[in-house]
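Everything below concerns the one structure shown next.
Every number in this text was worked out from the coordinates using simple rules, so none of it is lab data. Predicted, not measured: the structure shown is a model, and the values here were computed from it. Here the Cβ positions follow ideal geometry from the backbone for every residue, glycine too, while neighbour counts run over all protein chains shown.
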Amino acid sequence: MKKLLLMNLFLGFLCISVAVAQGGDDIKLSAVRAGQIGAPLGKIAFVREGDVWVMDWDGKNQFKVVAAQNADGRLSWAPDNKRIAFVRKGKVNLQGPDNLGGQHSVYDLFIGFLDSAKSNTNWWFRLTDDLGSRHPEWSADGSRIVFTKDINANTINALLPEYQTCSIDTTGKAFQNLTGGWKTSNRWISMPSLGPNGYQVFVLFKDKNASGVVIAPPDLKGLSDDEIAQKAKYLSGATAPAWSPDGKWIAFVQSEISKQGIYITKPDLSEKFLVYKPGPGLTLQTYPLSWSPDSKWITFGAGDGSIWIVDVTGNGLKQIVQPGLNIAPAWSKKK
């Protein structure tokens with residue numbers, strides 16, 4: 001009887017352990033599910049000391065594309081691999097007659113050209129001049145660039161930003177506000193990434209704080225909890241999302257420092273897998289992640305300015321740039 005009781009307790013403990021493992025945060029994608037993973041291909045762009053640089057996927061053959069001195073945040077490659085959309089950052093300082101005021105950052109979008117980089121790193125094309133545009137992502141067909149726009153950025157006494165997802169063509173014209181109906185006083189969106197069939201993923205801000213990631217269908221018209229619950233998928237505590245080129249996965253950073261890590265999830269949130277968790281003393285940059293052209297690898301930056309790549313199963317981890325003033329790596333769209 002005693003042996004039977006001990007056996008039942010052991011089996012019960014085993015079942016609990018298995019249940020925890022199946023529902024835990026440290027499960028990785030199996031090699032079978034991932035499919036064949038070959039050597040990485042393509043190039044990676046990144047920002048170093050405010051300039052835009054490009055290198056081979058393994059960190060070799062680095063060269064400067066744009067000597068902007070104030071580039072900041074997400075980069076996005078055109079599908080032809082010849083152009084890179086980037087952001088330049090400025091400042092507005094306000095001191096009112098009563099000595100009240102403050103400082104806030106302003107941003108605009110630009111395009112750099114790889115074919116002119118060898119001879120002239122001071123050549124680029126300006127896309128926006130509204131002081132509120134950032135987080136660009138080139139469309140798959142190369143015709144448009146989607147980005148976050150602060151509608152209030154050029155209002156000198158605006159108390160709060162009003163972020164919307166917008167798009168323009170590659171000449172800076174044909175502006176469209178893709179989320180004009182998503183306007184509430186305390187909710188904003190940022191870091192949009194495009195998925196298949198008109199879907200997008202973005203970071204949702206509530207009361208000025210990033211609260212999580214929303215996977216939104218084309219018919220989402222509001223940002224209330226009720227509408228998101230009815231029509232979208234919501235992932236609390238996530239940031240820096242990026243849709244894989246094949247549309248099968250969304251990569252994101254779990255933002256809470258004690259639980260920080262890179263994960264991938266199915267667009268319906270039915271499955272989640274750990275890709276990489278930083279070791280002691282290392283943190284992750286929370287610029288949007290970036291996928292390799294074949295959707296098998298992810299590149300990311302660490303808090304010390306080092307740049308890394310890792311495959312979707314969590315293997316093949318490789319540091320390709322040493323620590324320094326390096327941020328926001330972005331993989332090219334094709335091999």
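Rg over Rh for the stretch 186-335 works out to 0.96, using Cα positions for both radii and the Kirkwood form for Rh.
Computed about its Cα centre, the charge dipole of the chain is approximately 680 debye, with only Lys, Arg, Asp and Glu carrying charge at their Cβ. Only Cα pairs under 8 Å and 6+ residues apart enter the sum, and on that basis the relative contact order of the chain stands at 15 percent. Taking the C-alpha atoms only, the angle from helix 2-23 to the longest principal axis of the chain is near 20 degrees.
Taking a straight Cα-Cα cut-off under 16 Å and skipping sequence neighbours fewer than 8 places away in the same chain, the aspartates and glutamates within cross-link reach of LYS89 are GLU49, ASP51, ASP72, ASP108, ASP129, ASP130, ASP150. Here the 3J(HN,Hα) profile of the stretch 166-180, calculated from phi with Karplus coefficients 6.51, -1.76 and 1.60 at θ = phi - 60°, is 10, 8, 9, 7, 7, 9, x, 10, 6, 5, 9, 9, 7, 10, x Hz, Gly and Pro shown as x.
Semi-axes of the equivalent ellipsoid for the stretch 20-108, computed as √(5λ) from the eigenvalues of its C-alpha gyration tensor and ordered from largest down, come to 39, 24, 10 Å.
Largest first, the extents of the alpha carbon coordinates of the stretch 130-197 on the three principal axes equal 38, 24, 17 Å. Remark: the stretch 2-331 is approximated by an ellipsoid whose semi-axes, taken from the C-alpha gyration tensor as √(5λ), come to 36, 26, 19 Å, largest first.
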